[in-house]
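For reference, the structure discussed in these notes is given below.
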Amino acid sequence: MRDLLYLYGLIPTEEANKETLPPMKGFDGEDELYTIQIGAVTAIVCDLPADDYSEESIKEKVDKDMDWLQEKAFHHHETVLMVSKLYTIIPLKFCTLYKNEESLKNTIEGNRNKLEMTFQQLDGNEEWNVKIYCDDKLLKKQVSESNPSIEAKRKEISELPKGRQFFEKKKIDQLIDRELENEKNRLCEEVHEKLKEHSLHGNVKKNWSKDVTGRQEHMAWNSVFLLPVSNVDEFVEEIKQYEEELGHAGWKIEASGPWPPYHFSSFS
């Protein structure tokens with residue numbers, strides 16, 4: 001059976017002609033990556049034996065073999081990251097396979113206008129990620145002591161008969177929890193909107209749990225930005241300033257990048 005094509009990403013042919021793809025091992029660790037030129041678009045691929053990488057066999061590996069999944073997902077990420085440092089790239093999702101070169105060409109030719117517009121958007125820009133963490137215990141203490149709504153509630157309770165005070169005080173903790181979440185969202189949204197001023201696009205992503213981050217602090221915000229290269233230094237400097245201003249209150253703001261532009265390009 002003929003080999004499958006594993007697609008890592010698409011780059012402008014103009015850039016591919018200026019700089020040759022360096023030697024890199026493919027998905028199976030044996031064959032090397034190579035390029036297929038399709039007009040103004042060049043695909044970065046490797047060959048995979050169809051008998052070993054059928055849709056069923058890959059699904060079984062993903063579902064049942066965590067070591068294999070981690071190894072191959074890491075390979076895909078590292079390969080795309082390396083290529084992104086050399087070219088403007090539209091990165092593909094993990095395990096994007098084509099039955100043959102003709103199928104790949106047909107798909108690219110059918111999306112030519114969209115690909116051209118995406119390359120224009122990505123040219124000269126970088127994807128950066130920002131994660132905001134907070135110490136909930138520390139922030140909760142601050143909210144409990146300084147929030148106007150909670151102060152007003154305590155005053156209201158203090159003026160009630162003793163019997164009613166006991167039951168009303170139990171509601172204070174619920175109010176503190178609500179105000180804590182309000183405060184977290186307010187500050188994170190403020191930071192996000194300020195950072196967006198440096199970017200072309202800024203999107204909010206789903207927060208990660210502590211099981212994923214492995215950290216003591218809760219992740220309060222997770223966002224991604226497409227930045228002109230000329231704005232990166234100012235963007236990072238603004239985050240450092242926020243860290244200095246908010247660190248004492250239990251906040252940590254971390255930027256990472258540049259990453260392959262997974263969130264600002266799409267192709268399937």
**Complete:** Picked from segment 226-268 (must be assigned to a loop (DSSP other than H, G, I, E, B) and touching a Leu at 6+ places or on another chain (Cβ under 7 Å)), the residue surrounded by the most Cβ atoms within 10 Å (Cβ to Cβ) is Pro260
**Item:** Qualifying position, being closer than 30 Å to Phe74 by Cβ, out of contact with any Phe, Trp or Tyr (no Cβ under 8 Å at 6 or more places or on another chain), free of Cβ contacts under 8 Å to residues at least 40 places away in the same chain and of a type in the set (Val, Ile, Thr), among Val229, Val212
**Value:** Val212
**Fill in**
Per the filter on segment 27-40, residues in contact (Cβ under 8 Å) with a residue 60 or more places away in the chain, in a loop (DSSP other than H, G, I, E, B) and surrounded by 13 or more Cβ atoms within 10 Å (Cβ to Cβ) are Ala40
**Criterion violated by Leu139 - all others in (1) open to solvent by 60 Å² or more (accessible area, probe 1.4 Å); (2) in a helix (DSSP H, G or I); (3) not aromatic (Phe, Trp, Tyr) satisfied** = (1)
**Prompt:** Right, Ala50: among the aliphatic types (A, V, I, L, M), open to solvent by 50 Å² or more (accessible area, probe 1.4 Å), over 25 Å from the mean Cα position of the chain (by Cα) and more than 20 Å from Glu127 (Cα to Cα) or not?
**Reply:** no
**Prompt:** Can you find even one residue in segment 209-225 that is of a type outside the set (Val, Ile, Thr) and assigned to a helix (DSSP H, G or I)?
**Reply:** yes
**Message:** Quick check on segment 102-113. Is at least one of its residues of a type in the set (A, V, I, L, M, F, W, C), within 19 Å of Glu15 (Cα to Cα) and assigned to a helix (DSSP H, G or I)?
**Reply:** yes
**Prompt:** When Phe74 is evaluated against the numbered criteria (1) out of contact with any Phe, Trp or Tyr (no Cβ under 8 Å at 6 or more places or on another chain); (2) over 23 Å from Phe264 (Cβ atoms); (3) not in a loop (DSSP other than H, G, I, E, B), which criterion, by number, is the only one it fails?
**Reply:** (2)
**Fill in**
When (1) in a helix (DSSP H, G or I); (2) within 21 Å of Asp123 (Cα to Cα); (3) of a type outside the set (S, T, N, Q); (4) open to solvent by less than 80 Å² (accessible area, probe 1.4 Å) are applied to Ala43, the one that fails is (1)
**Request:** Return the residue satisfying two criteria in turn: it lies in segment 152-197 and is among the basic types (Lys, Arg) and at pLDDT 85 or above, and of such residues it is least open to solvent (accessible area, probe 1.4 Å).
**Result:** Lys184
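Conditions (1) at positive phi; (2) at pLDDT 90 or above, marked per residue:
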position: Asn106; (1), (2): no, yes
position: Lys114; (1), (2): no, yes
position: Phe119; (1), (2): no, yes
position: Gly124; (1), (2): yes, yes
position: Trp128; (1), (2): no, yes
position: Leu138; (1), (2): no, no
position: Ser144; (1), (2): no, no
**Asked** Can you tell me which residues in segment 92-120 are surrounded by fewer than 19 Cβ atoms within 10 Å (Cβ to Cβ), under 30 Å from Val62 (Cα atoms) and under 25 Å from the mean Cα position of the chain (by Cα)?
**Response** Lys93, Phe94, Thr96, Asn111
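The values are calculated or read from the model by the stated rules, or taken from the named source; none is laboratory data. Treat the numbers as computed from the prediction; the structure is a model and nothing was measured. Neighbour counts run over all protein chains shown; Cβ positions are idealised from the backbone, glycine included. Side chains included, ligands, DNA and RNA excluded: accessible areas come from the protein's heavy atoms. Shrake-Rupley method; radii C 1.70, N 1.55, O 1.52, S 1.80 Å.
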